[in-house]
Amino acid sequence: SKLARLFQHPLYNIPIPEVTEKDKLFVVNPMEKFSLHSSGSDEWVSSSKGETVLPTGKTAYDTYPAWLKFHIGINRYELYPRQDPLMPILLQDLATQRIVSSVQKSGGTQLKLIMTFPNYGQALFKPMKQTRDQETPIDFFYFSDFERHNAEIAAFHLDRILDFRRIPPVSGRLVNITKEIRDITTDKKLAKTFFISPAGNVCFYGECSYYCSTEHALCGKPDGLEGSMAALLPDKTLAKRRSWRSPWRRSYHKSKKAEWELNPNYCAQVRKTPPYDRGHRLLDLIDMTVLDFLMGNMDRHHYETFEKFGNDTFLLHLDNGRGFGRHSRDEPSILAPLQQCCSIKKSTYLRLQLLATQPYRLSDLLREALATDPLAPILAEPHLRALDRRLGKVLAVVGNCLAR
């Protein structure tokens, strides 16, 4: 296994700083009782309403469901540890746990569902919109592209191979539209959008600002539908998150350009602006840039952090469904932060160099990681080959910066 060898490499065993109580997202208080929201939702609430107290009750840690252990393990430095024995269990739960509730997630441009399991764990379900070998049409703007379920799955594994570990766990799953969505939903608006197609398949389209109409309905065969299941992060009432607008955000306009596209010295002003004027925030943003370039994801307008940790923490790489749309074309503008700032973490650079060598070839590692997913194969071969090509381009940009 190339993957096992990779995770044993010294570059993947650099220790994180010691984690103190204040570095943990939650302080576990064994005297705390837990209860459920009276509104009928399945969110955990603490009886003392303490924001950083995880309501685990008096039960032993070993008996907690995997999703709760995942939440407890989050700290200032990482979303989950490198050699995490919990990860296979959590991915298995996402793929197989019985679904007891399906409701539409509010907001967003495309249809997403929140699925709840009997152990109160929850997952974000993104349904399949296009097949593995379909490429995004060249005339599509990035902001009108489909969100792809397989991109979410591949992004999680790629993020882990790069040793960022900033994307919550994602597994593929084949869902029965009739039994696991239509028959159990309490969402009246969603329920109204189900119909049987002329081919006899069960379809639905939900409500959202794009692609929610009978023309863009999601149909089963006859009622089986592929999708990605992403473990939800702790509820925001328990762990507040802050949303940050990316300085290299695109204009989301058909003809206007953003300032960074017009000003080659744009990074100089970013470096003077909080929170990029101190600490490793800018370097963390450049890590995210590398991830996005490898996936071809142009849709990174915001990112999030856990508020408790202030500025000194990692960025959450959420919402990766617009990655892996085109394998035949690379988008150099995604690398603008790296090109303009000429900065990258030494550890990231050394790992990228390692992933460009034959024994640890990036495409081989991702292919191996994705082979374990229930919906494998996740990516068409041209997308995997594109990763090696793009990695070469990232290293070339760093090489030019070093030469300068």
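The values are calculated or read from the model by the stated rules, or taken from the named source; none is laboratory data. Just so it is clear, the model here is predicted, and its values are computed rather than measured. Note that each Cβ is placed from the backbone with ideal geometry, even for glycine, and that neighbours are counted across all protein chains shown. The accessibility values were calculated without ligands, DNA or RNA, using every heavy atom of the protein model including side chains. Shrake-Rupley method; radii C 1.70, N 1.55, O 1.52, S 1.80 Å.
Express in nm, to one decimal, how much length is gained between residue 86 and residue 388 on full extension, taking 0.36 nm for each residue of separation and deducting their alpha carbon distance.
105.8 nm
Round to a whole number: what % of the accessible area of the range 241-403 belongs to carbon and sulfur, probe 1.4 Å?
Of all accessible area on the range 241-403, carbon and sulfur atoms account for 52 percent.
Return the ratio Rg/(2.2 N^0.38 Å) for the chain, where Rg is computed over Cα atoms only. Before the final figure, lay out each step's value.
Working: Rg = 21.3 Å, N = 404, 2.2 N^0.38 = 21.5 Å.
The value comes to 0.99.
Within straight cross-link reach of residue 2, meaning Cα distance under 27 Å, which lysines are found once same-chain residues fewer than 8 apart are removed?
Cross-link targets: 345, 346, 393.
Based on the mean of other Cβ atoms within 10 Å per residue, sort peptides 397-404, 173-180, 77-84, 291-298 so the most packed one is first.
Order by mean packing, descending: 291-298, 173-180, 77-84, 397-404.
For the range 241-403, would you read off the P(r) tail past 27 Å as a percentage of all alpha carbon pairs?
Considering the range 241-403, 27 percent of its Cα-Cα pairs are separated by more than 27 Å.
Please enumerate, by chain and number, the aspartates and glutamates with C-alpha under 16 Å from the C-alpha of residue 179, excluding those fewer than 8 residues away in the same chain.
List returned: 187, 223, 226.
Among DSSP beta bridges whose residues both lie in the chain, state the antiparallel percentage, nearest 5.
Numbers: 34 of 36 bridges.
Approximately 95 percent, going by the DSSP bridge assignments.
Taking R0 as 25 Å, what's the FRET efficiency between residue 235 and residue 179 from their Cβ-Cβ distance, rounded to 0.05?
Working: r = 27 Å, r/R0 = 1.07.
Here the calculated transfer efficiency is 0.40.
Put a dot 7 Å past each Cα toward the Cβ at residue 4 and residue 197; how far apart are the dots in nm?
A separation of 4.2 nm, rounded to one decimal place.
Given only helices, namely DSSP H runs of n ≥ 4 each adding -39500 (n - 2.57), what is the per-residue ellipticity at 222 nm of the chain, to the nearest 500 deg cm²/dmol?
Value at 222 nm, helices only, nearest 500: -8500 deg cm²/dmol.
For residue 240, go through the lysines and keep the ones whose alpha-carbon is under 19 Å away, minus same-chain ones fewer than eight residues off.
Residue 240 reaches 22, 24, 49, 69, 105, 308.
Of the peptides 190-196, 382-388, how do they stack up when ordered by the mean number of other Cβ atoms within 10 Å, highest first? It would help to have the intermediate numbers written out before the result.
Details: 190-196: 15.7, 382-388: 19.6.
Highest-to-lowest ranking by the protection proxy: 382-388, 190-196.
For the chain, list the DSSP H helices whose alpha carbon atoms reach 27 Å or more along the long axis and whose average Kyte-Doolittle value is -0.5 or above?
381-403
Placing +1 on the Cβ of each Lys and Arg and -1 on the Cβ of each Asp and Glu in the chain, which of 12, 379, 71 has its Cα farthest towards the positive end of the resulting dipole?
Toward the positive end, the furthest listed residue is 12.
Farthest toward the dipole's positive end in the range 224-363, which of 298, 313, 251, given Cβ charges of +1 (Lys, Arg) and -1 (Asp, Glu) about the Cα centre?
251
State the Kirkwood hydrodynamic radius of the range 65-186 in Å, one decimal place, computed from all pairs of distinct Cα atoms.
Taking the inverse mean of 1/r over all distinct Cα pairs, the range 65-186 comes out at 16.0 Å.
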